[in-house]
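We did not get these values from a lab; they are worked out from the coordinates using the rules stated. Being a predicted model, the structure only gives us computed values, none of them experimental. Cβ atoms come from the backbone with ideal geometry, glycine included; neighbour counts cover every protein chain shown.
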Amino acid sequence: MRLARISSFVVLSTAVLGVSLAGADSTPLANGVLEFSPSIAFTRSSVSPLSGGDAISATHINLRADVARAFNESFQLTAGLLAQHSARMGTARNAAGASFGAQYNFTPQSGMLPFASAAIGVVQYTGDDSDRALLLPMMRVGFRSMLGDSRSVNVSVGYQHESNPESLHESSADVFDIGVGMSLFRAPR
């Protein structure tokens with residue numbers, strides 16, 4: 001299972017890298033450019049206790065739809081909606097929420113645009129025990145592979161800390177994940 005995940009990531013990264021090497025060393029980002037960026041991030045882990053017994057599994061899926069405004073080639077402010085599915089030890093929960101943050105875009109290299117982002121978010125879980133949770137920090141690092149002047153494919157790794165001291169399920173959780181997405185850019189008129 002772990003080998004399948006690693007090989008899938010290598011194939012995806014190689015495909016994106018191959019496309020990006022054909023791209024130009026430019027960025028569509030300039031003051032006033034708007035970006036729409038849907039993405040999905042996923043992680044799954046299993047732990048077998050040393051004493052034997054059933055394995056403990058955790059799955060986390062995070063869907064995001066962000067809108068960003070560029071203030072120059074490097075700095076963007078982001079806001080977005082997010083939906084999460086979290087399953088731990090046989091209990092699954094869904095949540096919806098919003099986030100606000102900033103993104104720094106590094107100098108483009110061979111059609112790739114590396115970035116780092118940080119955000120704060122809040123989610124409301126559905127169900128009888130509808131918990132609210134604070135997501136602080138939500139951090140991602142990755143790269144965009146430019147597809148022309150107005151689109152990109154994005155690959156990233158992320159970390160998210162979820163905090164809710166009043167939760168019936170858990171007071172805090174840390175999630176590391178791998179994400180893919182795309183961006184559509186629109187210059188101001």
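General remarks:
- Length added when fully stretched, Phe100-Ala83, from 0.36 nm per residue minus Cα-Cα: 4.7 nm
- Using the Cβ-Cβ distance between Ala55 and Ser172 with R0 set to 35 Å, the FRET efficiency from 1/(1 + (r/R0)^6) comes to roughly 0.95.
- Extents of the stretch 58-189, taken as max minus min of Cα coordinates on every principal axis and listed largest first, are 47, 27, 18 Å.
- Were the residues from Tyr159 through Gln109 laid out at 0.36 nm apart, the gain over their Cα-Cα distance would be 15.6 nm.
- Distance between the stretch 58-78 and the stretch 87-162 - C-alpha centres, whole angstrom: 6 Å
- Listed peptides 144-150, 176-182 appear in the order 144-150, 176-182 once ranked by packing, highest mean of other Cβ atoms within 10 Å at the front.
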